[in-house]
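This report concerns only the one structure given below.
What follows is calculated from the coordinates using simple rules that are stated; it is not laboratory data. Computed from a prediction, not measured in an experiment: that's the story for all the values here. Ideal geometry is used to build each Cβ from the backbone, glycine not excepted, and the neighbour counts take in all protein chains shown.
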């Protein structure tokens with residue numbers, strides 16, 4: 001299981017996604033260019049003390065991401081408000097990559113076309129969308145639950 005962000009716009013969302021990946025032991029792929037400068041120092045600042053725990057893979061382009069060895073391991077699942085299937089009726093697999101588009105504009109047609117499946121998170125009538133990292137946490141939690149892959153460490157506290 002992997003979490004991928006397509007050209008994220010908001011550094012705080014990237015930081016939260018890195019923390020999510022670190023806490024759930026899921027690698028995070030970032031497909032550039034981002035809507036902000038993505039330096040090593042910026043990643044450390046956004047991820048705070050979770051940066052060292054996160055498994056971050058940076059891809060300079062969509063083509064680089066598609067050609068990476070990690071990408072070839074399983075299905076590419078795009079989460080989008082234009083999704084074709086609700087999250088809760090989908091059967092996840094261990095090799096899946098959960099992909100999320102830009103906060104400002106979603107994913108372009110070429111990303112939609114490359115996805116094996118397009119999924120959406122059902123929302124209440126009148127609601128447009130959730131925050132990127134909230135959506136990623138919902139999707140990743142459901143996927144990990146289905147494949148029984150939540151970390152097994154004891155609760156902290």
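Can you bin the stretch 31-114 into rounded, prolate or oblate? Criterion: square roots of the alpha carbon gyration tensor eigenvalues sorted a ≥ b ≥ c, rounded for a/c under 1.5, prolate for a/b above b/c, oblate for the rest. Prolate.
Of 110, 103, how do they rank once you tally other Cβ atoms within 10 Å and put the fewest first?
So the residues, fewest neighbours to most, are 110, 103.
What shape does the stretch 88-141 have by the C-alpha gyration tensor, where a ≥ b ≥ c are the square roots of the eigenvalues, rounded means a/c under 1.5, and otherwise prolate means a/b greater than b/c and oblate the rest? Show your work: numbers first, answer last.
Working: a/c = 1.63, a/b = 1.12, b/c = 1.46.
Since a/c reaches 1.5 but b/c is at least a/b, the shape of the stretch 88-141 is classed as oblate.
Label zone of residue 114 (point 7 Å out along Cα→Cβ, amide N under 16 Å): in the stretch 71-85 this covers 71-80.
Put in order of Cβ neighbour count within 10 Å, fewest first, the listed residues 134, 111 become 134, 111. Among beta bridges identified by DSSP and lying wholly in the chain, the antiparallel ones come to about 5 percent. As a calculated quantity, the FRET efficiency between residue 127 and residue 36 at R0 = 25 Å, using C-beta atoms, amounts to about 0.40.
Computed over all pairs of different Cα atoms, the Kirkwood value for the hydrodynamic radius of the chain is 15.7 Å. Each helix, a run of at least 4 DSSP H residues, gives -39500 (n - 2.57); summed and divided by the residues of the chain, these come to -9000 deg cm²/dmol at 222 nm.
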